[in-house]
Structure formats: C-alpha cells, structure tokens
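S.K.: Sharing a structure below in structure tokens format, with a few things to ask.
Derivation of every value follows stated rules applied to the coordinates shown; laboratory data play no part. Note that the structure is a prediction, hence the values are computed from the model and not measured. For neighbour counting, all protein chains shown are included, and Cβ atoms are generated from backbone atoms with ideal geometry for every residue, glycine included.
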Amino acid sequence: MLSKNVQDTAKIAEVFLEKILKSRKDKLGATIVGLSGELGAGKTAFTQSIAKHLGVKKKVISPTFVIIKKYLIRPPRPSGTPPSQGEKYKFLFHIDAYRLKNEKELLHLGWEDIISNEEHLVFIEWPENVSKIMPAHARYIYISGNEKGHRNLKLK
C-alpha cells in the first residue's frame, strides 16, 4: 500500500491491524509484528497510528534509547457492544532493536516473558537485528520510501 502522508499511514495501519488481529492464532503467546525499513521510513509513525487505533492514551514515542516502551490498551467501545479483536490485548509493547548488538541483549530485558503472554501485542522495529529470537508466527511489515518521498508498506 502507498502512503503519501501521515493520514494515509494511519489508515493503512488500521487496515493492517485488522488483518493482523483476524489472522491471530490463539495459544501462541503474544502477537508480534516486526517493522523493517530504513531510518526515518515511518516505523514509529506506524506504531503511533496502531496505538491510537487501540485507544492507547499515552503519547507513543520512539523507544530507541530505552529499547522497550509498554502501553496500556484501552479500546474505545460504546457500552453494550461486544468486545472487538483488539480488546484481547491489555498491553502494547513498542521495541526498538536498532541499538542492540545481539539477541542476548533483548533476552535480558524480559523478551521471553513479553512474547509468552497472549494479552500482549508487540511491535518491534529492526527485527532483523534479533532475527534468531523472533518467533516463527511473527508478522512483518516492510516500509520503504520512493523517489517522491512517499512510503510503500507491505504486510507479510
């Protein structure tokens, strides 16, 4: 999908989130999405859109220096309506593996506990830096820029 601006990215994030939630396999622990792309490609902007759609109240910022940020998910829902797919999750984890030298560093930060909980939705930037510990069921979003400054987003 092509994004020409932040508003397009927000719409695409919503579409991708619905696809990711519908394809979720129960009993596999957390739902994990790897975000790949060059510096400045829009990985954090994409995660911010996901968080907003899920009802996260706190401002989502890049976790580059702290590595992991954890946000409480509070999906908006009119009273009397059944829970949505997104309400299966209690926490959104935003992880940035850019500065990690290897997988061991993420393991020391509680990776196994994070990914073993089915109430966790995990978006990890630079998953290629920790590829050896990415679960087989993880989904991936690839973001690339083009010559016009637009972004191409692919879900795999």
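S.K.: If you plug each phi of the range 114-127 into the Karplus form 6.51 cos²θ - 1.76 cosθ + 1.60 with θ = phi - 60°, what whole-Hz ³J(HN,Hα) values come out, in order, with x for Gly and Pro?
M.R.: With coefficients 6.51, -1.76 and 1.60, one gets 5, 7, 8, 9, 5, 8, 9, 10, 10, 10, 10, 7, 6, x Hz.
S.K.: Further question on the same structure: Could you tell me which of the pairs Lys22/Lys43; Lys90/Lys148; Lys88/Lys148; Lys19/Lys148 are separated by over 32 angstrom between their Cα atoms in the structure shown?
M.R.: Over 32 Å Cα-Cα: Lys90/Lys148; Lys88/Lys148.
S.K.: Could you work out the equivalent-ellipsoid semi-axes for the chain, taking the square root of 5 times each eigenvalue of the Cα gyration tensor, largest first, in whole Å?
M.R.: 22, 21, 14
S.K.: Follow-up. Given a Förster distance of 41 Å, report the FRET efficiency between Arg74 and Leu100 from their Cβ-Cβ distance, rounded to the nearest 0.05.
M.R.: Working from the Cβ atoms, E equals 0.85.
S.K.: At 222 nm, what helix-only mean residue ellipticity would the chain give, in deg cm²/dmol to the nearest 500, using -39500 (n - 2.57) for each DSSP H run of four or more?
M.R.: -7500 deg cm²/dmol
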